Amino acid sequence: MKKITLLIPCYNEEASLPALYDRMTQVIGGMPQYEWQLLLVNDGSTDGTLSVLADLRARDPRVCYIDLSRNFGKESAMLAGFDHASGDAVVVMDADLQHPPEVIGQLLEGWEEGYDDVYARRESRGREPLLRRWLSLAYYHLLQHSTRLNVLPNVGDFRLLDRKCIDALKGLRERARNTKGLYAWIGFKKKEITFVQGDRKEGKSSFNIWRLLKLAMDGITSFTTAPLRIATLLGLIVSLGAFFYMCYVLVKTLIMGDPVAGFPTLIVAILFLSGVQLLSIGIIGEYLGRVFIETKERPVYLIREKQGV
């Protein structure tokens with residue numbers, strides 16, 4: 001009998017977990033041909049999430065959980081799940097019911113057809129703030145056009161991964177993780193299904209605009225050096241522009257006898273060049289910061305407690 005692991009990272013999902021468990025058990029109850037593992041990773045929640053997980057574990061031995069020592073972030077929590085998942089395939093989904101459990105059957109159908117990575121593309125993003133929706137789409141567009149990887153716009157973490165994909169992801173131990181990009185990097189045979197994203201029923205999303213911007217920055221700097229090339233190109237353009245302007249001022253002064261503009265021209269030139277330099281240094285700093293983090297070789301996550309794994 002094939003075993004399927006449902007991997008669900010949790011952060012302050014106390015209110016959502018009972019409804020999620022009820023819907024999941026209804027879905028998997030209709031597929032007795034599989035053995036199931038419900039693996040939930042508590043990513044340093046500050047509410048009663050851990051207590052709910054312990055109650056579910058006491059009621060249902062299929063429920064397993066990992067309690068991380070603090071909040072390491074969703075990317076690290078998913079790696080903890082990959083490391084401890086025992087299924088022949090792993091379905092990754094969110095705990096807030098925006099990823100409907102009823103779609104699991106479609107993911108399994110694609111897997112049984114021989115696909116290694118069956119990913120779910122959103123037909124609709126539900127009741128999502130307009131600014132967040134626009135920034136998400138802009139991020140996917142930017143990443144898609146700055147790297148050779150097919151990043152799959154409007155596709156999140158909701159997907160089924162075969163054991164060979166899980167083993168590949170377990171071998172990638174980088175700290176500044178962007179799992180959406182890693183899904184594309186490892187390759188393997190992929191298939192798309194579509195679903196309508198649900199609305200969060202309980203609680204509040206922990207992903208604010210700043211955390212999403214940080215995630216976008218991690219994704220861009222993890223999979224492309226395009227910002228460094230842009231900084232180089234910008235420096236070249238500025239240098240050429242300054243050279244031609246110098247030639248123009250020299251000819252205008254020596255041949256036409258016009259006086260050289262003084263203070264305003266100097267201030268504008270200094271401010272512009274300073275801005276370009278600071279931008280370039282900032283881009284280089286982002287990459288150096290990631291090198292600094294990786295060279296420490298700290299573990300991606302630490303576990304305080306685990307049950308059933």
*asked:* Could you list, ordered by first residue, the pairs with Cβ atoms under 6 Å in which the first is in region 16-36 and assigned by TED's automatic domain parsing to the domain that holds Val63 and free of Cβ contacts under 8 Å to residues at least 60 places away in the same chain and the second is loosely packed, with under 11 Cβ neighbours inside 10 Å and of a type outside the set (D, E, K, R), at least 6 apart or interchain?
replied: Glu35/Met1
*Looking at (1) surrounded by fewer than 23 Cβ atoms within 10 Å (Cβ to Cβ); (2) within 24 Å of Gln197 (Cα to Cα), find the lone condition where Glu113 falls short.*
(2)
*Does any residue in region 275-293 that is more than 19 Å from Asn178 (Cβ to Cβ) come within less than 8 Å, Cβ to Cβ, of a residue that is of a type outside the set (Ser, Thr, Tyr) and surrounded by 15 or more Cβ atoms within 10 Å (Cβ to Cβ) six or more places away or on a different chain, and which pairs are these?*
Val276/Gly235; Val276/Val238; Leu279/Ala231; Ser280/Ala231; Ser280/Gly235; Ile284/Leu228; Ile284/Ala231
*Residue under evaluation Ile230, criteria (1) assigned by TED's automatic domain parsing to the domain that holds Leu279; (2) modelled with pLDDT under 70; (3) β-branched (Val, Ile, Thr), criterion not met*: (2)
*Considering only region 1-47, state which residues are exposed (fewer than 15 other Cβ atoms within 10 Å of the Cβ) and small (Gly, Ala, Ser).*
Ala19, Gly29, Gly30
*Output the number of residues of region 48-66 satisfying the condition of being surrounded by fewer than 21 Cβ atoms within 10 Å (Cβ to Cβ) and either touching a Ser or Thr at 6+ places or on another chain (Cβ under 8 Å) or not small (Gly, Ala, Ser) (or both).*
8
*How many residues does region 141-182 hold that are in a helix (DSSP H, G or I) and modelled with pLDDT of 85 or more?*
8
*Would region 203-225 turn up any residue that is surrounded by 12 or more Cβ atoms within 10 Å (Cβ to Cβ), at pLDDT 70 or above and not charged (D, E, K, R)?*
no
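The values are calculated or read from the model by the stated rules, or taken from the named source; none is laboratory data. Here the structure is a predicted model, which means the values were calculated and not measured. Note that each Cβ is placed from the backbone with ideal geometry, even for glycine, and that neighbours are counted across all protein chains shown.
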